[in-house]
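Notes follow the structure.
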Amino acid sequence: MSSMSRSSTPGQSTVPSSTSRSATLRLKPKRLGPDDILAFKSDGYAVLRGAFGASDMARIACWADEIANWPERSGRHWVFHEKSRLDPARELISRIENIVPFHDGYRALCAALAAPVAQLMGENAVLFKEKINFKMPGGDGFKAHQDSQAGWERYASYFVTAVLSIDRATAENGCLRLAPGQHGRGLFRSWEPLSAQDMAGMVFRDCPTEPGDLVLFDSHAPHESEPNLGATVRRMYFATFNRAAEGDHMARYYADKHANYPPDIDRDPNRRYVFRV
Ligand SMILES: O=C(O)CCC(=O)C(=O)O
């Protein structure tokens, strides 16, 4: 049912080839049940608890450590940094994007995540973008927004993001917060977070997660998160898919993004880059 843009074996969580290692990896999340699908339709999101088991999560967490330790090089994975809110003298990794071309494990994970996303879409899903948000102690939060506000609708009309909790996420370390039942209002406005007026009547709820829990939300579902002012790291892997019928836009998306908001290693020191949504 599911397919991935860079997999030669659509619908399977098998790594076809590798630029880094040639191991074959199999990851298989739990399937969504009818109640999860109903929750997704009515709330704009669903939470699949324990989608991956402890041994898969131990591997996925190890891979995240591995990637965080890779040297930063132009033309490879994209690393973004931020100043710690707890100690401004400290630079933290805030997120790493564009991992799949360089990592067998995360490629297998994306292939696996395409399956529950395809269940929600009712058709094949193709990978659009992916990243790990590290949110280390001192890492910043995210203002309330809809993902499509970041100009995504020039590529496709609809997206579903699968967010895998690598670490335990709590109110203290900045878990996701989502506003149920608001996705049906469509896209508010591109390139700006939601205003107080947009949010009148929206109720954001903490969505604490354990390693292995999967949150799936659509691109109009408002969400936000607080900074991590606690002591524990809160890593989450985000894989966003569009309907296969709307095409494969990943290469174009990353090329366009590179022109406007490149990874830190590729930045022009004389240019100012502003994160908008
Ligand atoms: O990592 C988070 O807490 C939220 C991230 C988010 O909303 C985003 O990257 O669009």
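The values are calculated or read from the model by the stated rules, or taken from the named source; none is laboratory data. Keep in mind the model is a prediction, meaning the values are calculated, not measured. FYI the Cβ positions are ideal-geometry reconstructions off the backbone, even for glycines, and counts take in every protein chain you see.
In segment 31-49, of all residues being over 17 Å from LEU176 (Cβ atoms) and in contact (Cβ under 8 Å) with a residue 40 or more places away in the chain, the one that is surrounded by the fewest Cβ atoms within 10 Å (Cβ to Cβ) corresponds to ARG31. Taking the stated definitions as given, is GLY139 assigned to a loop (DSSP other than H, G, I, E, B) and either near the ligand (Cβ under 10 Å from one of its atoms) or free of Cβ contacts under 8 Å to residues at least 12 places away in the same chain (or both)? Criteria met by GLY139. Exactly one of (1) more than 10 Å from the ligand (Cβ to nearest atom); (2) within 21 Å of CYS207 (Cβ to Cβ) is unmet by GLY151. Its number? Of (1) more than 10 Å from the ligand (Cβ to nearest atom); (2) within 21 Å of CYS207 (Cβ to Cβ), only one is false for GLY151: (2).
Restricting segment 191-204 to residues that are modelled with pLDDT of 95 or more and within 14 Å of the ligand (Cβ to nearest atom) leaves a set whose member that is nearest to PRO29 (Cα to Cα) is PHE204. Go through the residues of segment 93-108 one by one and say whether even a single one is buried (at least 20 other Cβ atoms within 10 Å of the Cβ), of a type in the set (A, V, I, L, M), out of contact with any strand residue (DSSP E or B) (no Cβ under 8 Å at 6 or more places or on another chain) and under 26 Å from ASP36 (Cβ atoms). Yes, some residue in segment 93-108 is buried (at least 20 other Cβ atoms within 10 Å of the Cβ), of a type in the set (A, V, I, L, M), out of contact with any strand residue (DSSP E or B) (no Cβ under 8 Å at 6 or more places or on another chain) and under 26 Å from ASP36 (Cβ atoms).
Going through (1) at pLDDT below 50; (2) of a type in the set (A, V, I, L, M, F, W, C); (3) assigned to a strand (DSSP E or B) one by one, MET4 falls short only on (3).
Could you grab me the full set of residues in segment 73-92 that are touching a strand residue (DSSP E or B) at 6+ places or on another chain (Cβ under 6 Å) and either of a type outside the set (Asp, Glu) or surrounded by 14 or more Cβ atoms within 10 Å (Cβ to Cβ) (or both)?
The first filter runs over segment 73-92 and keeps only residues touching a strand residue (DSSP E or B) at 6+ places or on another chain (Cβ under 6 Å), leaving 77-82, 84, 91-92.
HIS77, TRP78, VAL79, PHE80, HIS81, GLU82, SER84, LEU92 - these are the residues of segment 73-92 that are touching a strand residue (DSSP E or B) at 6+ places or on another chain (Cβ under 6 Å) and either of a type outside the set (Asp, Glu) or surrounded by 14 or more Cβ atoms within 10 Å (Cβ to Cβ) (or both).
The residues listed here are PHE217, PHE188; of these, the one that is of a type in the set (Phe, Trp, Tyr) and within 14 Å of the ligand (Cβ to nearest atom) is PHE217. Here ALA114 meets each of (1) farther than 21 Å from GLU210 by Cα; (2) touching a Leu at 6+ places or on another chain (Cβ under 9 Å) with one exception, condition (1). When LEU164, LEU176 are screened for being surrounded by 23 or more Cβ atoms within 10 Å (Cβ to Cβ), within 9 Å of the ligand (Cβ to nearest atom), under 17 Å from ASP213 (Cα atoms) and not basic (Lys, Arg), only LEU176 passes.
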